[in-house]
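**Q** Dropping a structure here in structure tokens format, bear with me for questions.
The values are calculated or read from the model by the stated rules, or taken from the named source; none is laboratory data. No experiment lies behind these values; they were computed from the predicted model shown. Cβ: placed from backbone, ideal geometry, glycine included. Neighbour counts: every protein chain shown. We work out accessible area using only protein heavy atoms, side chains counted, and drop any ligands, DNA or RNA first. Shrake-Rupley method; radii C 1.70, N 1.55, O 1.52, S 1.80 Å.
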Amino acid sequence: MLELMEWLAERGVTTVFKVDGDRMVDRRAAWMVIVSGGPLGEDSFFRADLTTADACLDSLLAHLEGKGMSPLA
């Protein structure tokens, strides 16, 4: 995840990846990822609140591919 965040930052994308302890205790979607800016566009904002870190990562990668940005290519 850190390598992906660095890859995005090098392209001007702001990225936040977090886990919320209160949500975890309540067994709610505790993981969150947010990306915005850079080549995603000025008005582009993506947020996913999910139950696992892997689910957030998969969701983010799918979003990036949809925007023509694939760090795996």
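**Q** Restricting to the range 19-45, name every residue that is outside any helix (DSSP H, G or I) and open to solvent by 80 Å² or more (accessible area, probe 1.4 Å). Please lay out each step first, then the result.
**A** Just the residues of the range 19-45 that are outside any helix (DSSP H, G or I), to begin with: 19-20, 26-37, 41-45.
Result: 26, 27, 28, 42, 43, 45.
**Q** Would you confirm, using the coordinates I've provided, whether residue 2 is under 14 Å from the mean Cα position of the chain (by Cα) and open to solvent by less than 50 Å² (accessible area, probe 1.4 Å)? Full working, then the answer.
**A** Values: under 14 Å from the mean Cα position of the chain (by Cα): yes; open to solvent by less than 50 Å² (accessible area, probe 1.4 Å): no.
So residue 2 does not fit the description; no.
**Q** Restricting to the range 2-38, name every residue that is modelled with pLDDT under 90 and in contact with a helix residue (DSSP H, G or I) (Cβ under 6 Å, 6 or more places away or on another chain).
**A** none
**Q** Quick one: in the range 46-72, of everything that is hydroxyl-bearing (Ser, Thr, Tyr) and modelled with pLDDT of 90 or more, which residue is least open to solvent (accessible area, probe 1.4 Å)?
**A** The initial filter retains those residues of the range 46-72 that are hydroxyl-bearing (Ser, Thr, Tyr), namely 51-52, 59, 70.
Of the ones still in play, those that are also modelled with pLDDT of 90 or more are 51-52, 59.
Values: 51: 98, 52: 63, 59: 36 Å².
Out of the qualifying residues, it is 59.
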